[in-house]
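As structure tokens, the structure follows; a few thoughts come after it.
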Amino acid sequence: MVKAVFPGSFDPPTYGHLNIIRRGAALFDSLDIVIAINSRKKQLLPAEEIKLMMEEQIELMNLGQVTVTTHKGLVVDYCRSVGAGVLLRGVRSSADFDYEFELSILNKQLNEAVETVLIPTEPKYFVLRSSTIKELLNLGGDISAMVPPGVEKALLKYRGRVD
Ligand code: ADP
């Protein structure tokens, strides 16, 4: 039984994240999406709202073995506490790869029992970034091709609040 964890800020969740979740769910017996609460990072959406958004999308994708959690602290400690052996991450570009590669080495030093698995994005999600979506949202740009309708609707109330 291989238990995987997919951590991230997901601020907001995008079609790129959902693609990694769908593909990860097909690889592992269980997949736990962990919304990392990081007080040093400026978040637009509260973690609890992201959790609700994610849960709605998981239900729509019919992924019964996928759960959503929020966590404050080291992801490797979370993995240890739930007995997860895989840390799943997505990669868009070589810049992402460099970052994820270093992070995987750091995480391995922190918890020898956890293996990082990287899934390369699909070309259509190559340019999807939560930060770009927040910029577009603020400027009144169309984000409907980047996030699911439920997320887009919830995001509209944050228009003008991105700084
Ligand atoms: P973090 O702040 O931890 O990087 P993100 O929410 O930005 O959190 O991303 C979570 C994970 O999803 C990361 O591994 C990131 O590389 C991956 N990811 C983000 N956008 C995409 C995308 N469009 N395609 C594939 N993976 C993505």
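The values are calculated or read from the model by the stated rules, or taken from the named source; none is laboratory data. No experiment lies behind these values; they were computed from the predicted model shown. Cβ sites come from the backbone with ideal geometry, for glycine too, and all protein chains shown count toward neighbours. Ligands, DNA and RNA are stripped out before the accessible areas are found, and what is left, the full protein with its side chains, is counted by its heavy atoms. Shrake-Rupley method; radii C 1.70, N 1.55, O 1.52, S 1.80 Å.
Just a few scattered comments:
- Among the residues of segment 88-110, those identified as under 16 Å from PHE6 (Cβ atoms), of a type outside the set (A, V, I, L, M) and in contact (Cβ under 8 Å) with a residue 12 or more places away in the chain are ARG89, GLY90, ARG92, GLU100, SER104, ASN107.
- Restricting attention to segment 21-31, the residues being assigned to a strand (DSSP E or B) and touching a Leu at 6+ places or on another chain (Cβ under 8 Å) number 1.
- Failed item in (1) closer than 17 Å to PHE6 by Cα; (2) open to solvent by 50 Å² or more (accessible area, probe 1.4 Å); (3) more than 16 Å from the ligand (Cβ to nearest atom), with GLY85 passing the rest: (2)
- Search result, residues across segment 21-31 that are within 10 Å of the ligand (Cβ to nearest atom) and without any contact (Cβ under 8 Å) to a residue 60 or more places away in the chain: ILE21
- Residue pairs meeting the criteria (Cβ under 7 Å; at least 6 apart or on separate chains; first closer than 15 Å to GLY16 by Cα, in segment 115-143; second open to solvent by 40 Å² or more (accessible area, probe 1.4 Å) and within 8 Å of the ligand (Cβ to nearest atom)): LEU118/ARG89; THR121/ARG92; TYR125/TYR15; PHE126/ARG92; LEU128/TYR15
- Restricting attention to segment 95-129, the residues that are open to solvent by 40 Å² or more (accessible area, probe 1.4 Å), part of a helix (DSSP H, G or I), within 12 Å of the ligand (Cβ to nearest atom) and of a type outside the set (Phe, Trp, Tyr) total 5.
Residue-by-condition table, conditions (1) assigned to a strand (DSSP E or B); (2) more than 9 Å from the ligand (Cβ to nearest atom); (3) open to solvent by 40 Å² or more (accessible area, probe 1.4 Å):
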position	(1), (2), (3)
MET1	no, yes, yes
PRO7	yes, no, no
ASP11	no, no, no
ASN19	no, no, no
ILE33	yes, yes, no
LYS42	no, yes, yes
GLU49	no, yes, no
MET53	no, yes, no
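- Residue list for segment 130-140, restricted to those being open to solvent by less than 80 Å² (accessible area, probe 1.4 Å) and either among the charged types (D, E, K, R) or closer than 19 Å to LYS41 by Cβ (or both): SER130, SER131, THR132, ILE133, LYS134, LEU137, ASN138
- Taking the numbered list (1) closer than 22 Å to LYS157 by Cβ; (2) touching a Leu at 6+ places or on another chain (Cβ under 8 Å); (3) modelled with pLDDT under 95 in turn, GLN43 passes all entries but (2).
- Residue in segment 66-82 that is over 16 Å from SER9 (Cα atoms), open to solvent by 30 Å² or more (accessible area, probe 1.4 Å) and either near the ligand (Cβ under 10 Å from one of its atoms) or not in a helix (DSSP H, G or I) (or both) present: no
- Residue match in segment 141-153 (condition: touching a helix residue (DSSP H, G or I) at 6+ places or on another chain (Cβ under 8 Å), polar (S, T, N, Q) and open to solvent by 30 Å² or more (accessible area, probe 1.4 Å)): yes
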